[in-house]
Structure formats: C-alpha cells, structure tokens
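Worksheet: one structure, shown below.
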C-alpha cells in the first residue's frame, strides 16, 4: 500500500529510510502506540476518534494529509509499522 | 554551576573544594582557577585601596538607596522597570538625582519583569533591573519564573520592612520573601547593614551576569533609607566573571570522535548557544559534517530556522529522532516529556553526548555516554577544531558530501510538503496560523525582533536565527502575560529595529503592557492570534478522551463569551488598531500596522484565527449567571 502513495516529497523520506539503518524488529503495534500515541490519546486509547477507514487513509492521517491537526509523522514509520499500528488501533487487517 | 557558585559565595565550599568540584565536572584547571579568581571577594578589600589610589574608585555620600543606585550606575545600568508602592517609593529619590537613568512604570509588576527581560535579551546581555514593591512580588513571580527558565540576567530589587518591625508578620510580611523566591532566583540577599550595601549590590550584579544568567533578588530594609554616610563604589568590571569555561581537551576529542564515527548524527541545540554568542560557530560545525540540527527547548532560534540543515523544533515524531545513532545536545536541556508532550527519549541505538554549562542539567533524563560541562560557544569552537584536526580535508569532504544531499533533500522536500499542506487551507476563515505567520514574516523587516508568547505553532513559519530576524519566545517557563512587556524592553534596547509582539488572546488577557507601550511611545506591532480559546488546553482536553471529550464539551477553555474587542481595549490606551477577519485583508492590515509603528506609535492587530487540535463544539461553555442566582434584585 505504501507504494501507491510514495510520490513526490515522500520519495525523499523513503530515500532517507533506505539509507539509514533499520529500526529494531521488536517494534509492534502496541509498542508503537505506547511510544508515539498514548501521550495524547491515553493508554487506553480513549482519546482516539473512531476510525474504520482504509490503511491509505490511516497513513494520510499519520502524515498530515488529513485535516486532523495531529503531529506530523511524515516518514517516521516504515510500511510494516504503519500496518502494525493500523492493526492495533482498528483491530482489523489492512485491506 | 548555579549551586556551586552559590555554595562558594555562601562559604559552604572552600576554594580547593570549588576547584575539585569543577574538575569532576570536566572543567579544565585553568578555567576553574579563572572562575575562582573572578569570584573572590577577598580581592575587594585590596582593590579598594588600590582603586582609590588609581582614581578608579569613587567615594560617594548618601543613604542606602543612593549606594545601590551609585553601584548600578557604575555598572552601566541605565533603565529601571518598576511597579509602584510597597516601600520602594524612596528609591525614586535616588533615580531622580541621576539624570542618566530612566524609569519605566508598569501597571502590573509582572510586566516590569518582562520589560527587564526583553531589554536584557535584545541588548545582548545588558542587565535589566526590575524594582518591585513587595506586595507586587507575587504578581512579578510568574515572569521571574520565565526569566529564570530563560536564564535572563536581572536584578529584582525590593524594599523590606524597617528592621525595627521585622518578622512581625504584618499584612505584607506574612512570609519571608526570600524563601518564596529562592527556587527561581539565582541568588539573593537582604541588605540590612549600610556599610555593606555597595558590596552586596556589586555582588548581585556579578552573580546575575555570570553565565548561566538568571534573576537575583536584592532586598534592602527601609531603615537604610535614613542611614547616611559614605560608601566606596568600585569599578564593576573588576568583579566580572570570565565566561567561556572550556572542557578538558580529552573530553572534546572524545566528543569529536563520536560525531565523526556516527553514521547518522544529529545536533539538538538550546539557549546556551545564543547566550554564549555561539550561533555562527554552530552553523560552521553543522556544515562541516552536514549534521542536521534540531531546535531544543529555547526562547531563541539558536540555529537558523531556514538553514538547509535545520530540522525544526525538537520532536520525537521525526525520522531523525528514530534513526539517529548519535545525538549531541549542545547548550540544551534534555527535552523529555516533562517539558512538553511531543518529546521523549531517543531510540535505543542512539548514543548521547550532552554539553552544558549547567551540571544540574547534564545527563538529567536519559542515559548519557558523554557529559561535558562547558560554555556552549567554547565547546563548539573546540569541537570544530578537534574534528578538523582528526580528519584530512579529503576525509572531511567525503563524509560531508555523502551525507549532505540526503539530509538536505529530506529537509527541503519536508518544508515544501508542509507549505503545500498549509496552502490547502490558505483562504480558510478564521485565518490559519501558517497564513498569518507567513504573511507577517514576508512583510516584516529581515532583522525584525519577533517576540512570541506560547504560540508554539507559529515559530516554524518565521525566518529567524543568526543574521535573520531575532526570535524571542515562546517562553519555556510557560507563565502567561509576557510578550508585550518583553517587546517594550526589546524596543528600548533596539530602537532602530522593528519589534513585533505575537500573543494568543488568552495569554494577552493574563496581563499586558498596553499602558506602558502607549505611555512611552514604544512603536511595537502587537498581533493577537485570537481564536477565542485557551487553544492548547482545549486541544489536549479533546485528545485525552475523557468525559469532556466524549461529551464534546469543554468546560474550561472557551473565551468567546464575552467576545473581547481587543481593538477597543487598545484604543482606550491611545493605541490604534484593526480587527482582521478575512484572510484577504491581512496584508493590507499588517502593512498599515507597520506604517503606524514607523510613524512612532504602537499598533494592535486583532486577527481572528482558527482553533486547532480538537473536535466537537468549539463554542461550548457552561451557561452560568450569578445574577440569575439572586432571589432579589440587588
């Protein structure tokens, strides 16, 4: 799915990610949520708005393409991490 | 450093102990001895006779207040920012007799402190003096806290009760003021002995000015208004503490090696860089190895915001924060969640080197591989030299050339992406922060001084830093009611530079300096980002997901009822202004505001700005009417 959205400015972030060492394999959805989300949305995810959209929409939110005023996660997560977060938050597999 | 100096001055630490403590912190012996020599009060007596012989000391006659102001004058103090009353009135007798000294009245003591801080910062280090009546100390406390967080050098002077009545716990002496302010004053002393007033005033100036700076609390008991005699005023420059504390060369080499060997190093920089005058040197170091730079917690743009290596404000939501294998913090606190929510620890693989003048700050929150106590500029210069000496020019170029395109391509494209996103909402009404800030940035002079209060979202849209606009704020101390007073002090320090004060509507209502800005003809452009809310709290209420968020009702942050007319407020102070509600009117209104300041008067723009970061009913607020609670019409 990330291939479909990797256009224009995203390319630079992707280049950077490829050139940098990969992050630890231990990262998973709940760890990522704890590290990056719960500061605002609480441990129990009480602050998250209901989301049942596609993974492309989810990635758009993370990368500031949607008008949510969330902090900008542009380029921060690799495709597997986006998928892990999506699974953790929505409880469903990316389509 | 603060506690060590304090311990030494209060005789809780011997000379040998002082040097030993500094040595354990990595300060070279030569630097420690220089510092000690500068701190030594033993010199004063010897100097006194010598100085009189040489004609550089002055014998003056007067009361205790005169001794304070003679010492101030001798130290180059020109301006006094003050409240009124509470026993300080007779200090003005001394001011009156010194035509070279000017005094600025504030209608709230917090504004007097903010003015002193703005003057100190914009002047590049001149000492601010805030004269605060003791009932006003509590009002002043918020901005004293801000000044301490910014390490701004100032004297907070107050008059205490006559020593005939001390410690009777009268109405304005319920507490010992020095106890109240001790946590956020660098040092303090209550002067009760006439003969020692020049000595302790001199010492207060020295301690305030010694890096890292901070407010110093100087009190004089009122009996010294009537005690008169002679005092010796010694030249203040003979008591100055040499800055530029250097680290041991082996520590600098170790740090340089960490930078060289890292695949993905990053710098996180803070206010000690600007305070030490090291901005240009920082640019050279970053460019030497093409190291990206994040702006840590600071009131300044310690690294230019538009530099091709500038990653912007510190956030852990960054590619670099996750991928860095080496992070060098220079003159910055470790940004962690205790400071603000978007921060957090670095990734596991990240080695940390922390350089600061303040040992209390070093290795504060995260495990640290190398901590170095040093002046930021000195450390940057030494590091740059060490890197150059450890690599051939060819090797240096190879490292730089490999990293530079990757880093700059990311930064350039990231900025373009953010601007593109902002432009999607460019014509939105209420006006967006990026639109308002960008228009301001375009229209203001290149060397304007931009004072910004608690508007964390606007900083990225300004071209600020070394050789560009000067940024002051947001204030890390986060106490509100700060910007307009700071702007007055900045304009006083730099009358030939444009000064603009940016404030949220909530912050502006806490306290402002409208009266003083008008009274003293301070041509400052005030811009209210008016979103009719305490926006940040509103946003976090929503994201926290508690009962208010679920009900989509925020009890505490709406400011739109009553809907304050800030232009009318300004006009009541003789300050012209305009309300801007349409983004297409922005440029013309800003231009008119700038012209008004060029004509010599302050001007206020009340810009209706969008709220960000939440969902639900923007204008919900509990309907409460106390009049409605009455049972009879009284």
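Nothing in this text is a laboratory measurement; each read-out follows from the coordinates by a stated rule. These numbers come from a predicted model, not from an experiment. Using ideal geometry, Cβ is built from the backbone for each residue, glycine included, and neighbour counts are taken over all protein chains shown.
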*Within a 10 angstrom radius of each residue's Cβ in A:33-42, how many Cβ atoms of other chains show up on average? Whole number is fine.*
4
_Just the number: Rg to Rh for segment B:52-234, Cα atoms, Kirkwood Rh, two decimals._
0.94
_Distance between the C-alpha centers of segment B:442-460 and segment B:490-505? Whole Å please._
10 Å
*asked:* With an 8 Å Cα cut-off and a minimum separation of 6 or more residues, compute the relative contact order for segment B:44-163 in percent.
replied: 25 percent
*Distance from the Cα centre of segment B:241-310 to that of segment B:356-382, in angstrom?*
11 Å
*For segment B:52-234, what is the percent of antiparallel DSSP beta bridges, rounded to the nearest 5?*
20 percent
*Under a point spin-label approximation (7 Å from Cα along Cα-to-Cβ), what is the residue B:627-residue B:165 distance to one decimal in nm?*
4.2 nm
_Taking every alpha carbon pair in the protein assembly as shown, what does the distance histogram look like in 10 angstrom bins from 0, in percent?_
3, 13, 22, 24, 20, 12, 5, 1, 0
*Rank these for me by crowding, B:438, B:408, going from fewest to most other beta carbons within 10 Å.*
B:408, B:438
*Taking the Cα atoms of segment B:425-608, what is the range of coordinates along each of the three principal axes, in descending order and whole Å?*
52, 36, 35
*Could you give me the radius of gyration and the Dmax of segment B:249-415, taking only the C-alpha atoms into account and expressing both in angstrom?*
14.3, 43
*At q = 0.06, 0.09 Å⁻¹, what log₁₀ I(q)/I(0) does a Debye calculation on the Cα points of chain B give, no solvent, two decimals?*
-0.35, -0.80
*DSSP beta bridges in chain B, what fraction antiparallel, as a percent rounded to 5?*
10 percent
*Within 10 Å of each residue's Cβ, count the other Cβ atoms and sort B:303, B:18, B:508 from fewest upward.*
B:18, B:508, B:303
*Out of the DSSP beta bridges found with both residues in the protein assembly as shown, what percent are antiparallel (nearest 5)?*
10 percent
_Please compute the volume of the convex hull spanned by the alpha-carbon atoms of segment B:163-209 and report it per residue in Å³._
74 Å³
*Alpha carbon centre of segment B:127-144 versus segment B:517-593: separation in Å?*
26 Å
*Per residue of B:540-547, what is the mean number of Cβ atoms on other protein chains within 10 angstrom of that residue's Cβ?*
5
*Taking the highest mean first, how do the peptides B:165-176, B:484-495, B:245-256, B:104-115 order by number of other beta carbon atoms within 10 angstrom per residue?*
B:104-115, B:484-495, B:245-256, B:165-176
*Ranking of B:334, B:321 by count of other Cβ atoms within 10 Å, fewest first*: B:321, B:334
